[in-house]
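The values are calculated or read from the model by the stated rules, or taken from the named source; none is laboratory data. Keep in mind it's a predicted model, so treat the numbers as computed, not measured. Here the Cβ is made from the backbone with ideal geometry for all residues, glycine too, and neighbour counts use every protein chain on show. Calculation scope for accessible area: heavy atoms of the full protein, side chains included, ligands and nucleic acids excluded. Shrake-Rupley method; radii C 1.70, N 1.55, O 1.52, S 1.80 Å.
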Amino acid sequence: MAAEIGEIEGFFIRFVDGDEDVSRRRVEDYPYQRAARGSWTVAKWREQRFLASYPDFQVEVLRTDGSVAHGKTLLDTLRAEWAEADEYDEDEADDEEPSTTLASAIEAERPRSARRAAKKTTVTRSLEQILWDAADKMRGNLEAAEYKHVALGLVFLKYVSDAFEQRRRFLVEATADPDSDFFIPNSDRRVTIIESRDEYTSENVFWVPEDARWEYIQAQAKQPTIGVLLDRAMDAIEKENPTLKGVLPKAYAREDIDKRLLGELVDLIGNIGFTDTNDHGSDDVLGRVYEYFLGRFAAAEGRNAGEFYTPRSIVRLLVEMLEPYRGRVFDPCCGSGGMFVQSSEFVAAHGGRRTDLAIYGQEFVATTWRLAKMNLAIRGIEANLGDRSDDSFHRDEFPDLRADFILANPPFNKDDWFSDALRDDVRWAYGQPPAGNANFAWVQHFVHHLAPNGIAGFVLANGSLSSKQSGEGEIRRKLVEADLVDCIVALPEKLFFNTGIPVCLWFVAKNRHSNGHRARSGEVLFVDARQLGRMETRTLRVLDDADVARVANTYHSWRSESPEIPYEDVPGFCKVASANELKQHDFVLTPGRYVGASEAEADDEPIEAKLARLRERLVQEFEEADRLEAIIRGRLDGLARGR
């Protein structure tokens, strides 16, 4: 547990004797997803984060020299010490005098390599993590749902200012250098070029007015008027850049925002450069920071996180399966734009250009729509997200759009979506969706917007696979009989911040006779991926690259005319079912019904030999337990005699 606390919290601890023998008590994983806020003291962490869960243990928080940190020590100070400390010297570690605590008695019997590894564990944090830890401590009394707009707005402002200054420096140096192709002898003419808006916008750089540039803002960070100055800066940037109109947050002057903490946040972000020439690499660092912040805010908000954030591993799985190399990409519930970012990264990774995709999106929540606009702007991704946020059902921004690819994560089981204006809508070609659940309204909305050879991949609650309430079973039957359902993937639980329930991926495609792949009419691929992924925290599972590749490659092998590895059914994982099989199961699409159970691994070891081997191993475990118990009891007796 000590090592895990070190990884999560950024400082190290040691256990001390309690009033009772806890040597045999079970110790579970450290039960916190994120580190305690840096503004906490050691005493507050120990009381609220540690003792609340482990009342039978006592613990000391250590400084890098091994001394015990005072209870009033701030966690951010302690973390900074550990982050800067060198690794333990192995010789010194081996020469240490044995401690006389109960925990040390147990620790001494661990293999030396394990003890040394625990002592040498260092907390290596990415730039994103460092920024997050520092920014989170400056949150004050703001809820995560509010603070994300404060922090992400500043990150965006810093980026556009850095990009502007980098372009400005280039123009100043290039126009004054006689050896440069951009050299301009006339000094007045040089000034005109340097101040020309076109010289910036032609390179996809936003024009930043002087009083909105970061250097000016940071110089005023300690002033009580910093909130007003930031609001004015955001206003000025929007006025100078029409594509950002109505996008940037302008609520920094609110009374409930602590201006001292706001100024500290400005200074923090001011220390990080987001351009090609800074110490942190290319300007894509802002994209990483922005996405990391979105993910951490999603974790902090929990229940409401699904409104703006789909975990990266799920987005990547959708993108890898659909392979949007070129064409129109649409997400009518786009959140903060993660589907578009991953699609653009996919194209770039396969040698294409971002301009190979035409991106369209719609988002109902106004603040989330603004997050998406900023998210795409800082990455140089051109997208049409409409002129405002709005409801895709009641005000479809793109009624005539027919997309080549649709990727989406609509709200699960939404029950307040319907009004009489939607009754008998042209989109409900396969049946009127029930007013109490929007799942099949979304499915039909996607189908309606598909091009003749288009394909859609989207996330839905598992109930969509089997529900027969309010006509949902009939709609599902008609979708299957219309030969639209291409593939169903069952996902493991705990993939989302806002719900622990397992979900599924639907893939629906038009013209499955010949839409660029082999003809697969009359069959559906089922994949049961519920056993994939790993627990990143106690409450969140992620799909690793190997998991994504396994599912995506299975799908590609099945639909490809000439796959590198021919597709085969794998019991317990994947199965191709015919239309007749689906009918026999009354069009219930739960993958577990079709893939069956996985084959048991072959075991050629005779039962007699196996029993003898296991018995011998069990006896050895008993003997080792007795040995450790004797050592611990001996050291406890020594402690008692020493008193």
(request) Determine which single condition G273 fails, assuming it passes every other condition in (1) open to solvent by less than 20 Å² (accessible area, probe 1.4 Å); (2) modelled with pLDDT of 85 or more; (3) not hydroxyl-bearing (S, T, Y). (result) (2)
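Looking only at the stretch 166-203, count how many residues are part of a helix (DSSP H, G or I) and over 20 Å from G380 (Cα atoms). Talk me through it step by step, then tell me what you get.
Kept after step one, since they are part of a helix (DSSP H, G or I), are these residues of the stretch 166-203: 166-176, 187-194, 198-201.
If we keep only those that are over 20 Å from G380 (Cα atoms) as well, we get 169, 171-176, 187-194.
Number of matching residues: 15.
Going by the conditions given, is A602 open to solvent by 50 Å² or more (accessible area, probe 1.4 Å), within 30 Å of Q469 (Cβ to Cβ), at pLDDT below 85 and outside any helix (DSSP H, G or I)? Reasoning before the result, please.
Details: open to solvent by 50 Å² or more (accessible area, probe 1.4 Å): yes; within 30 Å of Q469 (Cβ to Cβ): no; at pLDDT below 85: yes; outside any helix (DSSP H, G or I): yes.
Against the criterion (open to solvent by 50 Å² or more (accessible area, probe 1.4 Å), within 30 Å of Q469 (Cβ to Cβ), at pLDDT below 85 and outside any helix (DSSP H, G or I)), A602 does not qualify.
Consider A93 carefully, then state whether it is farther than 16 Å from A2 by Cα, open to solvent by less than 60 Å² (accessible area, probe 1.4 Å), in a helix (DSSP H, G or I) and at pLDDT 70 or above. Working first, answer last.
Working: farther than 16 Å from A2 by Cα: yes; open to solvent by less than 60 Å² (accessible area, probe 1.4 Å): yes; in a helix (DSSP H, G or I): yes; at pLDDT 70 or above: no.
Spelling it out, it is not the case that A93 is farther than 16 Å from A2 by Cα, open to solvent by less than 60 Å² (accessible area, probe 1.4 Å), in a helix (DSSP H, G or I) and at pLDDT 70 or above.
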(message) Exactly one of these conditions fails for R550: (1) assigned to a loop (DSSP other than H, G, I, E, B); (2) out of contact with any Pro (no Cβ under 7 Å at 6 or more places or on another chain); (3) open to solvent by 30 Å² or more (accessible area, probe 1.4 Å). Give me its number.
(response) (1)
(request) Among residues belonging to the stretch 59-84 that are part of a helix (DSSP H, G or I) and hydrophobic (A, V, I, L, M, F, W, C), point out the one that is surrounded by the most Cβ atoms within 10 Å (Cβ to Cβ). (result) L75
(message) I'm trying to understand the selection: among the residues of the stretch 160-177, which are of a type in the set (F, W, Y) and surrounded by 20 or more Cβ atoms within 10 Å (Cβ to Cβ)?
(response) F164
(message) Considering only residues that are within 21 Å of E195 (Cβ to Cβ) and not aliphatic (A, V, I, L, M), which ones fall in the stretch 153-173?
(response) S161, D162, F164, E165, Q166, R167, R168, R169, F170, E173
(message) Checking the structure you have, find out if any residue of the stretch 518-541 is part of a strand (DSSP E or B), in contact (Cβ under 8 Å) with a residue 40 or more places away in the chain, touching a helix residue (DSSP H, G or I) at 6+ places or on another chain (Cβ under 6 Å) and closer than 20 Å to F405 by Cα.
(response) yes
(message) Out of everything in the stretch 410-426 that is of a type in the set (A, V, I, L, M, F, W, C) and within 20 Å of W506 (Cβ to Cβ), what residue ends up being farthest from the chain's Cα centre (by Cα)?
(response) W417
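Look through R232, R254, R190, R197 and report the one residue that is open to solvent by 50 Å² or more (accessible area, probe 1.4 Å), under 22 Å from A145 (Cα atoms) and among the basic types (K, R). Give the derivation first.
Values: R232 fails: under 22 Å from A145 (Cα atoms); R190 fails: under 22 Å from A145 (Cα atoms); R197 fails: under 22 Å from A145 (Cα atoms).
Going through R232, R254, R190, R197 in turn, just one is open to solvent by 50 Å² or more (accessible area, probe 1.4 Å), under 22 Å from A145 (Cα atoms) and among the basic types (K, R): R254.
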(request) For A429, state whether it is touching a residue at least 12 places away in the same chain (Cβ under 8 Å) and under 14 Å from W506 (Cα atoms). (result) no
(message) Out of D19, D29, D56, I need the residue that is surrounded by fewer than 16 Cβ atoms within 10 Å (Cβ to Cβ), touching a helix residue (DSSP H, G or I) at 6+ places or on another chain (Cβ under 9 Å) and at pLDDT below 75. Which one?
(response) D29
(message) Take residues that are of a type in the set (K, R) and closer than 30 Å to F164 by Cα and tell me which of the helices (runs of 4 or more DSSP H) falling wholly in the stretch 290-407 contain 1 or more.
(response) 312-322, 366-377
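Report, by residue number, each residue of the stretch 425-444 that is in contact with a helix residue (DSSP H, G or I) (Cβ under 6 Å, 6 or more places away or on another chain) and not in a loop (DSSP other than H, G, I, E, B).
Taking the stretch 425-444 as the starting set, the residues that turn out to be in contact with a helix residue (DSSP H, G or I) (Cβ under 6 Å, 6 or more places away or on another chain) are 427-428, 430-431, 433-434, 439-440.
Once the filter is applied, which keeps residues that are in contact with a helix residue (DSSP H, G or I) (Cβ under 6 Å, 6 or more places away or on another chain) and not in a loop (DSSP other than H, G, I, E, B), the stretch 425-444 yields N439, F440.
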(message) For the stretch 445-469, give me each residue that is under 18 Å from D415 (Cβ atoms), open to solvent by 10 Å² or more (accessible area, probe 1.4 Å) and in a helix (DSSP H, G or I).
(response) N462, G463, Q469
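Being over 27 Å from the mean Cα position of the chain (by Cα) and open to solvent by 10 Å² or more (accessible area, probe 1.4 Å) is the filter here; which residues of the stretch 258-270 pass it?
Of the residues in the stretch 258-270, the ones over 27 Å from the mean Cα position of the chain (by Cα) are 258-260, 263.
Residues satisfying the conditions are D258, K259, R260.
Yes/no per residue for (1) loosely packed, with under 15 Cβ neighbours inside 10 Å; (2) at pLDDT 70 or above; (3) within 21 Å of the chain's Cα centre (by Cα):
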site: R112; (1), (2), (3): yes, no, no
site: A117; (1), (2), (3): yes, no, no
site: S126; (1), (2), (3): yes, no, yes
site: G140; (1), (2), (3): no, yes, no
site: V150; (1), (2), (3): no, yes, yes
site: G153; (1), (2), (3): no, yes, yes
site: K158; (1), (2), (3): no, yes, no
(message) So in the stretch 559-595, with the set limited to residues that are open to solvent by 40 Å² or more (accessible area, probe 1.4 Å), touching a residue at least 40 places away in the same chain (Cβ under 8 Å) and in a loop (DSSP other than H, G, I, E, B), which one is nearest to L491 (Cα to Cα)?
(response) T590
(message) Quick check on my filter: what residues within the stretch 477-505 are surrounded by 21 or more Cβ atoms within 10 Å (Cβ to Cβ) and either among the β-branched types (V, I, T) or without any contact (Cβ under 8 Å) to a residue 24 or more places away in the chain (or both)?
(response) V485, I488, V489, V503
